[in-house]
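The values are calculated or read from the model by the stated rules, or taken from the named source; none is laboratory data. These numbers were taken from a predicted model, which means no experiment stands behind them. All Cβ positions, even for glycine, are placed from backbone atoms using ideal geometry, and neighbour counts span all protein chains on display.
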Amino acid sequence: MTVLDMAQLSLREINETLQGAAKAQANAAYEIANPRGAHAVAVGLDGPLAVTVKGSTGYYCAGMNKEAAITVEGSAGPGVAENMMSGTVTIEGDASQYAGATGHGGLLNIKGNASSRCGISMKGIDIVVHGSIGHMSAFMAQKGNLVVLGDAGEALGDSLYEARIFVRGAVKSLGADCVEKEMRPEHLALLADLLAKAGAEAKPEEFRRYGSARTLYNFNIDHADAY
């Protein structure tokens, strides 16, 4: 494993090293020491790397990730794994607001809690939160799965499209056009797979499923107060 020390190297130098190795399909392992809450750590990786960040990070960590496996041994600031395409991003602590925003694929595994707008406008990413999530999570979520082992805040799934939401705990309130749906066998199987991938100790039968009622797909004057 190659150690990149942020006490000795600049953020630009570290990201250039990681991006170069990813582009070369190096399939190597890196450790980032002394991150000290730095922003934009390990962004834009486009290849099979294993990156371990030894501490907490600021905003946009692991943004645009593709194929890499990134682990943050701490907490992450706003926008972690934003626009993620594939691979895995694991946060051992908590994540701030809009974690996994606009993510297209891959797995974002948050071992602690996530703040507001988790999974906003997600487009195919799978997000597993072992704790609870804040308000307006999965707002305008288009595709993918949001799994929450704890509780969910206000306006969950507001203006939801076709993403699936699974919550084990309490939901403070549902957003516009988000409703509870039947948990069918295929959903239990999907959820079991996601929980296993995330190393989450929970049973699929303990969750409830939420999705779009599909009443906002086309403008209807009779439902104008819902927009």
- Message: So Val167 passes all but one of these: (1) free of Cβ contacts under 8 Å to residues at least 40 places away in the same chain; (2) of a type in the set (A, V, I, L, M, F, W, C); (3) over 19 Å from Asn83 (Cβ atoms). Which condition number does it fail?
- Response: (1)
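Residue-by-condition table, conditions (1) surrounded by fewer than 24 Cβ atoms within 10 Å (Cβ to Cβ); (2) in a loop (DSSP other than H, G, I, E, B):
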| position | (1), (2) |
| --- | --- |
| Gln97 | yes, yes |
| Gly100 | no, yes |
| Gly105 | yes, yes |
| Cys118 | no, yes |
| Gly124 | yes, no |
- Query: Do the conditions hold for Leu146, that is, is it part of a helix (DSSP H, G or I), within 15 Å of the chain's Cα centre (by Cα) and surrounded by 15 or more Cβ atoms within 10 Å (Cβ to Cβ)?
  - Reply: no
- Residues of region 169-198 satisfying the condition of being surrounded by 14 or more Cβ atoms within 10 Å (Cβ to Cβ), assigned to a loop (DSSP other than H, G, I, E, B) and in contact with a Lys or Arg (Cβ under 8 Å, 6 or more places away or on another chain): Asp177, Met183
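Residue-wise test of (1) in contact with a helix residue (DSSP H, G or I) (Cβ under 6 Å, 6 or more places away or on another chain); (2) among the β-branched types (Val, Ile, Thr); (3) within 20 Å of Gly175 (Cα to Cα).
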position	(1), (2), (3)
Leu45	yes, no, no
Val53	no, yes, no
Glu73	no, no, no
Gly87	no, no, no
Tyr98	no, no, yes
Leu108	no, no, no
Lys123	no, no, yes
Gly131	no, no, no
Val148	no, yes, yes
- Query: In region 1-29, what residues are of a type in the set (Ser, Thr, Tyr) and within 18 Å of Met64 (Cα to Cα)?
  - Reply: Thr17
- Would you say Glu73 is surrounded by fewer than 21 Cβ atoms within 10 Å (Cβ to Cβ) and touching a residue at least 40 places away in the same chain (Cβ under 8 Å)? no
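Listed here are the residues, each with its yes/no results for (1) small (Gly, Ala, Ser); (2) farther than 20 Å from Gly119 by Cα.
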| site | (1), (2) |
| --- | --- |
| Met6 | no, yes |
| Ile14 | no, yes |
| Lys23 | no, yes |
| Gly37 | yes, yes |
| Leu45 | no, yes |
| Ser56 | yes, yes |
| Tyr59 | no, no |
| Met85 | no, no |
- Query: Since Met64 meets every condition but one in (1) assigned to a loop (DSSP other than H, G, I, E, B); (2) in contact with a Gly (Cβ under 6 Å, 6 or more places away or on another chain); (3) touching a residue at least 24 places away in the same chain (Cβ under 8 Å); (4) closer than 22 Å to Ala29 by Cα, which condition does it not meet?
  - Reply: (3)
- Task: Could you please let me know if Val128 is closer than 22 Å to Ala62 by Cβ, at pLDDT 95 or above, crowded, with 19+ Cβ neighbours inside 10 Å and of a type outside the set (Ser, Thr, Tyr)?
- Result: yes
- Query: Quick check, is Ser56 surrounded by 19 or more Cβ atoms within 10 Å (Cβ to Cβ) and either modelled with pLDDT of 95 or more or assigned to a loop (DSSP other than H, G, I, E, B) (or both)?
  - Reply: yes
- Task: Looking only at region 89-106, decide whether some residue is more than 12 Å from the chain's Cα centre (by Cα) and at negative phi.
- Result: yes
- Within region 21-40, work out how many residues are outside any loop (DSSP other than H, G, I, E, B), closer than 12 Å to Leu4 by Cβ and either over 23 Å from the mean Cα position of the chain (by Cα) or in contact (Cβ under 8 Å) with a residue 40 or more places away in the chain (or both). 2
